[in-house]
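Everything on this sheet refers to the single structure shown next.
Every number here is computed from the coordinates shown, using simple stated rules; none is lab data. Keep in mind that this is a model prediction, so the values were computed, not measured. Every residue, glycine as well, gets a Cβ built from its backbone with ideal geometry; the counts of neighbours run over all protein chains shown.
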Amino acid sequence: MLKYIIVTGGVLSGLGKGVIASSIGLLLKEQGYKVTAIKIDPYLNCDAGTMNPFQHGEVFVLEDGGEVDLDLGNYERFLDINLHRDNNITTGKVYKNVIEKERRGDYLGKTVQIVPHITNEIKEWIRRVALNSKADICVIEVGGTVGDIESMPFLEAVRQLHLEEGHKNVVFIHTTLIPIISVVGEQKTKPTQHSVKELRAIGIDPDAIVGRCSEPLKEETKRKISLFCNVPINAVFSSPNVESIYELPIVLEKQGMTEFILNRFEIKKRNNGLKKWYGYIERIKNLENEVNIAIVGKYTALGDSYLSIIEAFRHAGAELNTKVNIAWIEAEDLEDDAGILKKMDGVLVPGGFGSRGAEGKIQSIKFARENKKPFLGICFGFQLAVVEYGRNVIGLNCNTTEIEPNVEHPIVTILPEQYDVDMLGGTMRLGAQSVLIKEGTLAYRLYKKKEIYERHRHRYEVNPEYVEMLEKNGMIFSGIAKDRIRMEILELHGHPYFIASQFHPEFKSRPLKPVPLFYGLVKASLEEKIK
Ligand code: GLN
C-alpha cells in the first residue's frame, strides 16, 4: 500500500502550504502510518544552496548534506524524521537528469519532450523516493501557485500519477486564500473558485480545499466553496491564524481531516491520535517565564531567513517553561555601539556570509563576552568569536580571510579541500559530521556524550596554526572533528554561558526534542535574568 497526498496552492504564495502539508502528514503518522514528504520547487536552481535567504528564506541542511527548501525543515520537525536530498525535487534537478540521459543516448532516436520525458522523470523520482523511504503515505507539496508556467510539468506529472496509481491511492488537497474585505467583513471565495477552475483545466479535481483565512471559515463560506468548487462540504477546511504553527494539526483534526483522508484512501482509523501533541500545545500556550534574546544578523527583516533558529528557541523554551522573545538586531547597526544589548538576557550570532554586518557581529560578541551575557555563536558566529578573541584578548590584527584575504593574521581561513573549488553550488563542507567532545567541559555537560553528529555548511574554519595560541590565551576548544585538526566547539570559562559551534545545531531541533546548545542558552539567559 503506497498512498499519495498531493498538496497544491492557489491564489498566491506564502499561504503556509508547507505547514499545512506537514500537519496533514502528522495526522497520518499519529494513526500509525509511516509518512514521508516531498517538496517540489518549480525553479531552475538545482537546489536552494545558491539562493539568497532574503528571497527564499533560510537554506535548510539535511543529514546527507542536501541544501534544500525550508519546508523540508517543517516536515522534519512535524514528522520527526530525517529526509534525504532527493525529497526536494526542483526543475533544475529534473532537467539535468533528462539532459544527461539524452547525451548518454538513452532516448536514442526519440524527440525528447516535456510530455512524456520530463513528466516520466518526475513520476519516477517521486516513486523512487516514496519506495526508498518505505513509507505508507507520501505527502507531496507542489510549490508555487497553480497557473504558473513553471509548475505546469509537475502538475501534469501528478495528474498522470493519479491515473496510474488509481483513485483510492491519490488525494488532491488544494490550499487557497480566502480574503476578507474589511468594510463589509465578508469572506470572499471568488479567488478560490478561479484557482480551482484553473486546476480543473489541467485535469486535476481537488478532493478537498483548505482555505487560509485570518479567521475560521463561516458555514456559509464553506457552503459556497463546496458548491462552486465541486467538493462536499465536509471536504472544505479552515486554516485560520494560530498562535503557534504547531496548533494547526489539531485545528485540522478537529474539522475531521484525519477521517476525511482515511475514508478517501479506504483505510481504517486506528486510534484517536495526537495525544502527545495536545499536551505539548497546552504547554507552549501557558509558558510561565520569559526571556529576551537578541539575534544579531543580516536578514533580520524576514524571519524566514532564520526559521530553524526561531523554532529551536521555541522547542528549548517549551522544555524550560519559558517564552523566548526574539529581538531582531541588524548587525550593521551595532558597528559603533553594541549597548542596546544591555537590555537583553542573551545574544545569538547566527551563520552568515560576507563582510556586510560582520564588524557589528564582532562588536556584539565582544559585548556579550565582557558583560557576561549568555552567548551562542553559530558557524559564522563561531568564526567571528575567534576573530574577536584574537583581536581583543590576544591583540592580533586578525580576521577571517573570507572578509580580508590578505590580513596579517588569518585566524579563520579557507578549508584545504576548498582550495580548488570554483563552483559555488553544493561544494561547501556539508551535512552531518562527527564531533568529538572533551569531558569536563560545558559542551560535555550539555550533550552528555563523547561523540555527536551535527549538520554543517561552511567553507572556512579556525586556522589550525592559531589553535595553540588561542588555547594558551584561555579559549577552550571543547569539540573537535575526528581528524583533530578542525575546531568544532569553543567555550570560555568564568562566563555564565559563552559557547559557539562551527556546525548548525538548529537544524536538528524538534518540538519535543530541543537541542543542547539552544537549551543551554535559554536556561542561562533565564538564570541571568532572575539573578
Ligand atoms: N561564511 C562562513 C563559511 O563559509 C560561515 C558559513 C555559515 O555561517 N553557514 O565558512
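Observations on the structure shown:
- When all alpha carbon pairs of the range 1-156 are counted in 5 Å bins from zero, the resulting P(r) reads 2, 9, 18, 22, 21, 15, 8, 4, 1, 0 %.
- Taking every DSSP helix (H) stretch of at least 4 residues in the chain, weighting each as -39,500 (n - 2.57) and dividing the sum by the residue count yields a mean residue ellipticity at 222 nm of -10500 deg cm²/dmol.
- Cα point-scatterer Debye curve for the chain, base-10 log of I(q)/I(0) at q = 0.07, 0.13 Å⁻¹: -0.43, -1.26
- Note on Thr427, Thr145: ascending count of other Cβ atoms within 10 Å places them as Thr427, Thr145, the fewest first.
- Gyration tensor verdict on the range 152-287 (Cα atoms; rounded if a/c is under 1.5, prolate if a/b is larger than b/c, oblate otherwise): oblate
- This model, with +1 at the C-beta of Lys and Arg and -1 at the C-beta of Asp and Glu, gives the range 313-373 a dipole about its Cα centre of some 340 debye.
- With θ taken as phi - 60° and the Karplus curve 6.51 cos²θ - 1.76 cosθ + 1.60 applied, the whole-hertz 3J(HN,Hα) list for the range 406-416 is 10, 4, 4, 10, x, 6, 10, 9, 5, 5, x Hz, x standing for glycine and proline.
- Each Lys and Arg Cβ is given +1 and each Asp and Glu Cβ -1; about its Cα centre, the range 1-155 then shows a dipole of about 540 debye.
- For the range 214-227, Karplus couplings with θ = phi - 60° (6.51, -1.76, 1.60), whole Hz, Gly/Pro x: 5, 10, x, 5, 6, 3, 5, 5, 4, 4, 5, 4, 4, 5
- Per principal axis, descending, Cα span of the range 309-375 in whole Å: 35, 26, 15
- Shown is the FRET efficiency for Leu287 and Glu220, computed with R0 = 41 Å from the Cβ-Cβ distance and rounded to the nearest 0.05: 0.65.
- Degrees between helix 152-165 axis and first principal axis of the chain (Cα, 0 to 90, nearest 10): 60
- Leading residue at positive end of dipole, the chain (Cβ point charges), from His167, Ile499, Asn406: His167
- Listed values for the range 198-209 are Karplus-derived 3J(HN,Hα) couplings in whole Hz (6.51 cos²θ - 1.76 cosθ + 1.60, θ = phi - 60°), namely 4, 5, 4, 4, 7, x, 10, 9, x, 7, 9, 10, and x replaces Gly and Pro.
- Extreme residue, positive dipole direction of the chain, given options Phe380, Leu415, Tyr107 (C-beta unit charges): Tyr107
- Dimensions in Å of the range 97-196 - Rg and Dmax from alpha carbons: 18.2, 62
- Rough spin-label spacing in nm, given labels placed 7 Å along Cα→Cβ, for Lys275 and Tyr419: 6.0
- Residue order, fewest to most beta carbons within 10 Å, for Met469, Met257, Met344: Met469, Met257, Met344
- Under 5 Å between amide hydrogens, built in the peptide plane, is the criterion, and for Val146 it picks out Gly9, Gly10, Val11 among residues at least 5 positions away or on other chains.
- About the centre of its Cα atoms, the chain shows a dipole size close to 1780 debye [charges on the beta carbon of Lys, Arg (+1) and Asp, Glu (-1) only; nearest 20 debye].
- Subtracting the Cα-Cα distance of Arg484 and Asn132 from their residue separation scaled by 0.36 nm leaves 123.2 nm.
- Full extension of the segment from Ser182 to Thr427, taken as 0.36 nm per residue of separation minus the current Cα-Cα distance, would add 83.3 nm.
- Here the extension length gained between Ala201 and Tyr95 equals 35.7 nm, from 0.36 nm per residue of separation less the Cα-Cα distance.
- All-pairs alpha carbon distance profile, the range 209-354, 5 Å steps from 0, percent: 2, 8, 14, 14, 14, 12, 11, 9, 7, 6, 3, 1, 0
- Each other residue within a Cβ distance under 14 Å of Asn263 adds +1 if Lys or Arg and -1 if Asp or Glu, for a net charge of +3.
- Simple label model, 7 Å out from Cα along Cβ direction - Val393 to Arg510, nm: 3.6
- Theoretical FRET efficiency, 1/(1+(r/R0)^6), r = Cβ-Cβ of Lys342 and Lys449, R0 45 Å, to 0.05: 0.80
- Volume of the Cα convex hull of the range 6-88, divided per residue and given in Å³: 97
- Exposed-site-free run, longest, the chain (rule: GluC sites (Glu not before Pro); DSSP loop; at most 12 other C-beta within 10 Å): 1-242
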